[in-house]
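Report on one structure; see the data block that follows.
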């Protein structure tokens, strides 16, 4: 079991018995699990109240860069170049803007203008090519939806950026991050999502992924981790415990706010008791949709 950080050197497949019947009453994704661990009240605002959140220039940048990297592997291997990635950027952004025209309102006095923002996207794409040579890769799967139902009835699901399969059958799970790599004390949180995906794939395919790889485009580093069965069994226990805590909060209506440095990025401070706000009444009955 090793961890290393290295410097530079939507096609959807549904897997699992409950992948087409997901609801908040029986399923959990890594993002929502992370929300609850960060702040139970944030989980409530997003999952139960379904409060709207303004689009973030950082989150949308990440979506655009992910989509470009996905499209890059649709090209013949010899054409997967930095220039081609930059060429894909404009049509990806134009399509996203066509689907969600309100995204144009992201750019204002407190955010980069569109020209600067697109240049930031190009910079992230350029950094990708310092970490991997996509001409030498043939991913087995990209942007796939994976899901599995645990013995307790809880369904775990999520979207995996890329799965690579070695000629010997070994699996590597790859996730792109447009931010910077975490410090040593935050690696465990970063790897939780990857272990979650590894657990789902192990349970559905019977194959223990050999490598978990996080590609950080913000500062051009890669975090690699080799899980073992104990890791994934511990992750399963952690997820089950989290779900029990979510069920207790649902039954009691007690969704505690947890103040942290991440509050600075939360859209819901005005409704949070930790910031002098009052949450709205819980929907009655709490909807499981």
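The values are calculated or read from the model by the stated rules, or taken from the named source; none is laboratory data. Source: prediction; values computed, not measured. Neighbour counts run over all protein chains shown; Cβ positions are idealised from the backbone, glycine included.
The table below gives the values:
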| item | result |
| --- | --- |
| Test for residue 24: is it at pLDDT 95 or above and on the phi < 0 side of the Ramachandran plot | no |
| Failed item in (1) over 18 Å from residue 214 (Cβ atoms); (2) in contact with a helix residue (DSSP H, G or I) (Cβ under 9 Å, 6 or more places away or on another chain); (3) surrounded by fewer than 16 Cβ atoms within 10 Å (Cβ to Cβ), with residue 137 passing the rest | (1) |
| Only one of 111, 130, 148, 116 that is on the phi < 0 side of the Ramachandran plot, in contact with a helix residue (DSSP H, G or I) (Cβ under 8 Å, 6 or more places away or on another chain) and either surrounded by fewer than 15 Cβ atoms within 10 Å (Cβ to Cβ) or part of a loop (DSSP other than H, G, I, E, B) (or both) | 111 |
| Segment 152-178: number of residues that are touching a helix residue (DSSP H, G or I) at 6+ places or on another chain (Cβ under 9 Å) and modelled with pLDDT under 95 | 1 |
| Matching residues in segment 210-228 - criterion: being more than 28 Å from residue 126 (Cα to Cα) and in contact with a helix residue (DSSP H, G or I) (Cβ under 9 Å, 6 or more places away or on another chain) | 227 |
| Residue selected from segment 246-262 under the condition touching a helix residue (DSSP H, G or I) at 6+ places or on another chain (Cβ under 7 Å) and part of a helix (DSSP H, G or I), by the criterion surrounded by the most Cβ atoms within 10 Å (Cβ to Cβ) | 246 |
| Residue list for segment 223-241, filter: surrounded by 18 or more Cβ atoms within 10 Å (Cβ to Cβ) and part of a helix (DSSP H, G or I) | 231, 232, 235, 236, 239 |
| Search result, residues across segment 210-222 that are assigned to a loop (DSSP other than H, G, I, E, B) and either modelled with pLDDT under 95 or surrounded by fewer than 22 Cβ atoms within 10 Å (Cβ to Cβ) (or both) | 210, 218, 219, 220 |
| Odd one out for residue 87, checked against (1) within 20 Å of residue 215 (Cβ to Cβ); (2) at pLDDT 95 or above | (1) |
